[in-house]
1. If R₀ is 56 angstrom, what is the calculated FRET efficiency for the pair D696 and A228, using the beta carbon separation as r and rounding to 0.05?
2. What number in nm² do you get for region 103-191 if you take the convex hull of its Cα atoms and divide its surface by four?
3. What is the log10 of I(q)/I(0) for region 745-791, computed with the Debye formula using one identical point scatterer on each Cα and no solvent, at q = 0.14, 0.17, 0.21, 0.28 Å⁻¹?
4. Per q in 0.24, 0.30 1/Å, what log10 I(q)/I(0) does a Debye calculation on the alpha-carbon atoms of region 466-509 return?
5. Give me the lysines in straight-line cross-link reach of K155: C-alpha distance below 17 Å, same-chain residues under 8 apart excluded.
6. Going by average Cβ density within 10 Å per residue, which order do the peptides 372-381, 403-412 take, highest to lowest?
7. How big is region 485-582 by the Kirkwood estimate over distinct Cα pairs, in Å?
8. Could I have the simple spin-label model distance between D556 and T178, label points 7 Å from Cα toward Cβ, reported in nm to one decimal?
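The values are calculated or read from the model by the stated rules, or taken from the named source; none is laboratory data. The model shown is predicted, which means the values in this text are computed figures rather than measured ones. No Cβ is skipped: glycine too gets one built from the backbone with ideal geometry, and neighbour counts run over all protein chains shown. Each accessible area value is taken on the protein alone, full model and side chains, heavy atoms only, with ligands, DNA and RNA left out. Shrake-Rupley method; radii C 1.70, N 1.55, O 1.52, S 1.80 Å.
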Amino acid sequence: MRILKFVLCLAITCSLIYVFDNRWVIKGNPVPALGKFLDPFDGFWRNLETSTPTESITLDLPGLHDKVTVVFDSLDIPHIFANNDEDLYLAQGYITATHRLWQMEFQTHAAAGRVSEITGEGKNGVILNYDRGQRRLGMVYAAENTLQALGKNSKSVVMADRYSKGVNAYIASLEYETLPFEYKLLDYKPEPWTPLKCALLLKSMAQTLNMGHKDMQMTNALRLYNKAIVDVLYPDRDTPEDPIVSKPGGWKFASILSDTLPMALPEELIKLTNKLPDPDPNTGSNNWAVSGAKTSTGSPMLCGDPHLNLNLPSIWYGIQLNAPGINCMGASLPGTPAVIIGFNDSIAWSLTNAQRDLVDWFRITYQDDSKEQYLMDGKWMNTKKVVEAFHVRDQQIFYDTVIYTHWGPVTYDESYHAEDNLKHYAFRWISHDGSDEFNTFFNLNRAENHGDYMAALDSYSAPAQNFVFASVSGDIAMRVQGKYPARRKDEGKFVLDGSHSVNGWQAFIPNEQNVMDKNPSRGFVSSANQFPVDETYPYYITATSYESYRNRRINDVLDSSSSITTQDMMALQNDNFNLKAAESLPLFFQYLDTTTFTKEEARAYAILRSWDFTNSTQSEGASYFEAWWTNIMTLAWDELNNEKIILSRPTSFNTIKLIRDKPDLSFFDIQGTQEKETARDVVRKAFTFGVEDIEDWIIEHSDSSQSSHNVVRPTWAEYKDSYLTHLLRIEALNVHIKAGGGRDMVNALSRTHGPSWRMVVSLEKSGMKAWATYPGGQSGNPGSPHYLDMLGRWLEGRYFPLHFLRTPEDGDSAAKHRMILNPRER
């Protein structure tokens, strides 16, 4: 019996050791090796930080040529002081990795289509499907081309190589107990960092910002309706005349193109039930610069707030870089060298997305089913077949063959989304072309004046951005910079016949002919993703959509302001005024019949009537308007909600314009009813449905056991329910917040998108003064006090001063702790 008990205990012990020492997948969800993960000495407990260091730390770092001093301020922002560029970028890579290594690696795996290596194929193969999509979009192909291009510039090579060496120095120092939390949770280890990963992060940002298109949707609309209807629903310029740069008749050049595009469209509708996701329409940004003539200090001011996913860890990483020839501070992108948005001793700059259509799709005609050759200008050209290997965790290697053509990769075929007929279309994307953005930021970080800024941007290709500029010497400027195809009328709006090279991009707009402005008479420059230029600009411009509201609100405030202070600029960045509601509600009210209202509708109407058009956290009017507007768009464009034929809705601005100007438009007739509705009926029914949606929300969120006095009210913060999303998309790691703002407001804080970095700079000759705030913190470790320590201030519209140091000793008052990095003796 004793032997039996011993054997039984031993078996149970061995089984528990086996269970707790191995990773498992339960119902498609990975479970870490709990023994290691829960280990009180080396498990996730080691990632809990109760405080940050207060004493100086000295480390020997391989690859350094000289000593590097890093001063960390109270927010854990590093101020790096090096004696040469090579050490500067090595230290930047090392320091950034200490805070954000897992984020950096996970994002590059996502860009390269390698997430399934970490997590497995996912439920119903969703993660493997995502990875295949990334490879079939040519993300690694794009990064490799960029790496080849920057290899021609010694400065860019130094940046990428030394940054990578710094990251690898940190990786080499890690043991299991010091691994970032997510590595322990997912039970894997980091791999060596390479310059290709730096390039992948830039391409990942380009995918977020410049991969939007509507070619298939527009082609279907043209086939279903006609060109006249398409022009009514989707006009090229469907926004108010308030572009980034307006100089009617001031463009002293003609288009380098003179021919027209012979459109050759597919004969059948494009059916696509599982199209790869488009970039989120909430992605955007604001930036502006005001001349000293309009400020209280007499010095220019510059402001910027890029609107991106509200991710955790935070997208940006605050940093200062100092070495001979450079003293620069601002927001860096973890995984790439340099400062992307910021300022130095002489200038400041920020970016917004240029929105341009930089994607085209081309129908490929193969010679036969082998797909070895395709037709081009009457000749059969060879394809290139790339076999992609997916090392899916816990499974055998999965292989996928991607065909490349003159245009680019063929994304969809019989083996990928075969249920649809978007087969044999090649994907042409501007970011597939080699480019060297590293050189741009190397020079921009060191720029001293407008001429330097212009020269730095000449090497910038993608993602296309609106670069705002201001200098201590008093200049302000805006340049809509990118590598833009010189398009013919309607080029880029529809899918094209890929058997004729004439259908492709024939030339690119010369840099000197890109949209730009300097020191305009109105005293400011601004951009908020609106149409870039007035109608006299000689090149055809198209995009998925352009902003119509944020830009006008910003320009109205700036135009009417004088003696502007930095506090005024911060208030404008946090402005919650809903211009769309202010312009549309008077029209919508005219269409309502108040005599037929239910009790709930009467209350909603009264709330909307008294609303000040501000989407504050406590506003109920904002919630009722949003519910009403959502139903207007659904009812107005119900014909376009086809499950298999992909189509796009018209923009918000054009929808309101059509409701006002074409109320009898046939599209306003609601499908599924016997009546023939007009815009008036759509607005009325949408109001009823919107109120019902709000009432359902109240019931869902109220405690049925409570009295009517404790019913939850639909305040905007509660109704919107914004949250910061952890990159792993695990709900327990997300952070829900109570916030105002919204998509069409200057404070463009929607449910999951918003201002990812806010910065205000006063460019005073006595010295730069700058403030910033962002949602999260410097650390990527959920157990660190610096993981979310900036979130509260960001929500409240409060900023922290950026301590812009000239020497390490200048930081004595601001320093929380220091790190001395010494060369490791060989």
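1. Here the calculated transfer efficiency is 0.90.
2. Computing the convex hull of the Cα atoms and averaging its projections yields 6.5 nm².
3. The calculated log intensity ratios at q = 0.14, 0.17, 0.21, 0.28 Å⁻¹ are -0.50, -0.66, -0.82, -0.98.
4. Debye output, listed in q order: -0.88, -1.09.
5. Result set, ordered by chain and number: K165.
6. Details: 372-381: 13.8, 403-412: 21.5.
The peptides rank, most packed first, as 403-412, 372-381.
7. Taking the inverse mean of 1/r over all distinct Cα pairs, region 485-582 comes out at 16.8 Å.
8. About 5.6 nm separates the two model spin labels.
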